[in-house]
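Here is the structure we will look at.
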Amino acid sequence: MKFAVIQFPGSNCDQDCLAALNGMAGVKAEYVWHKNTSLTGYDAIVLPGGFSYGDYLRCGAIARFSPIMASVVEEARSGKLVIGTCNGFQVLCEIGLLPGALVRNRALHFICEVVTTRVEVADSAFTHGCPQGSLLRLPIAHGEGCYFADEATLRELNERRQIILRYATADGRIDASANPNGSVENIAGICNREGNVFGLMPHPDRACEARLGSADGLKIFQSMIETIAASSERAA
Amino acid sequence: MKVKVVVTPKAAVLDPQGAAVRDAMQHLGMPEVQAVRIGKYLEIEVDEKTPNLEARLNDLCRDLLSNPVIEDYEVVK
């Protein structure tokens, strides 16, 4: 099973993603430079965190015009799994694969801490290994992670069960005290309508080793691996 | 020719920078300041003889210079 980890100039979690994925059984993850134009042969695509193009103009605004992004859109439309963490989430919103946008944190600070997120959808391609209401301890590290969407979009996200993760208190409540950055409805991660594109501000790639604080990120990658395995079994 | 583009956050979008500057202005002796919104201002040098300039510029304002989900833009000549 092959994962592509896209490298933009300014990506800085590409190595974390590669190391996390290559530590998992049966997975081979490779870097794909953003100037490439093909993603043929990969089973899943990872847009890593970082500061692509220095976050100039807006986070992800320039990266979304990188040559590789046409293939990312094409593969996403064909149903391939795409995950964007942090800056990757911002790029997915900028290019329109995910609704809404990420703006400056409510308190203006860059936030670097471990947060609790609650799994809101237990049967998504990215979280089916986690029963509904499971709490995942994941690091965040961002200055522009405040998720915004207008009311109509929010209603649709809720109705279609596209809100996959919300920031929660340690005991699993969703309230303002658990919201690190001002995101509407404590949203930490959403998927597209088809359910194959997932963007989240937390870093599962930095939570893959219990000795380093948390291994909860593995649950997301493991869910992806199982989804891909199940779909290739169906195809066979 | 110099084209000026002003990009502003939409009213519904949280603008914590604007709020921080409003607070600072109030502290510095202007309690009458009610709200501040912070956007972006771009000056673009462009060859005015280019055909179809205005439409192409508007396309890029929409696609690159602003994000229509959170921002409005205005082209000022």
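Highest mean first, what order results for A:149-160, B:56-67 on Cβ atoms within 10 Å? Mind showing how you got there, number by number?
Numbers: A:149-160: 14.2, B:56-67: 17.0.
Order by mean packing, descending: B:56-67, A:149-160.
Work out the length of the dipole vector of chain A about its Cα centre, built from +1 on the beta-carbon of each Lys and Arg and -1 on the beta-carbon of each Asp and Glu, and round it to the nearest 20 debye.
100
Which of rounded, prolate, oblate describes segment A:1-70, given a ≥ b ≥ c as roots of the alpha-carbon gyration tensor eigenvalues and a/c under 1.5 marking rounded, otherwise prolate only if a/b is larger than b/c?
oblate
Could you work out the local net charge near residue B:30, counting Lys and Arg as +1, Asp and Glu as -1, over the other residues with Cβ closer than 15 Å to its Cβ?
Computed value for this residue: -1.
Which of the helices in chain A meet the span-like rule: DSSP H, Cα axial reach of 18 Å or more, Kyte-Doolittle mean at least -0.5?
A:217-235
Could you work out the mean count of beta carbons from other protein chains within 10 Å of each residue's beta carbon in B:16-25?
Details: counts 10, 3, 1, 2, 2, 0, 0, 0, 0, 0.
That average works out to 2.
Ignore the peptide's own chain and count Cβ atoms of other chains within 10 Å of each Cβ in A:91-100; give me the average, rounded.
That works out to 1 on average.
Would you work out which of A:228, A:197, A:218 lies farthest towards the positive end of the dipole of segment A:194-236? Charges go on Cβ: Lys and Arg +1, Asp and Glu -1.
A:218
Let a ≥ b ≥ c be the square roots of the eigenvalues of the Cα gyration tensor of chain A; is it rounded (a/c under 1.5), or, if not, prolate (a/b larger than b/c) or oblate?
Rounded, since a/c falls under 1.5.
Ranking A:68, A:190 by Cβ neighbours within 10 Å, fewest first, what do you get?
Numbers: A:68 22, A:190 26.
Sorted ascending by nearby Cβ count, the order is A:68, A:190.
Suppose every K and R has +1 on its Cβ and every D and E has -1 on its Cβ; what is the size of the dipole of segment A:98-236 about the Cα centre, in Debye to the nearest 20?
Dipole about the Cα centre, nearest 20: 160 debye.
Averaged over peptide B:61-71, how many Cβ atoms belonging to another chain are found within 10 Å of each residue's Cβ?
Numbers: counts 0, 0, 4, 7, 3, 3, 12, 2, 12, 9, 3.
Mean shielding count: 5.
FYI, it's all coordinate maths here, none of it is from the lab. Note that this is a predicted model, so its numbers are computed, not measured. Methodologically, a virtual Cβ is constructed for each residue, glycine included, from the backbone with ideal geometry; neighbour enumeration extends over all protein chains shown.
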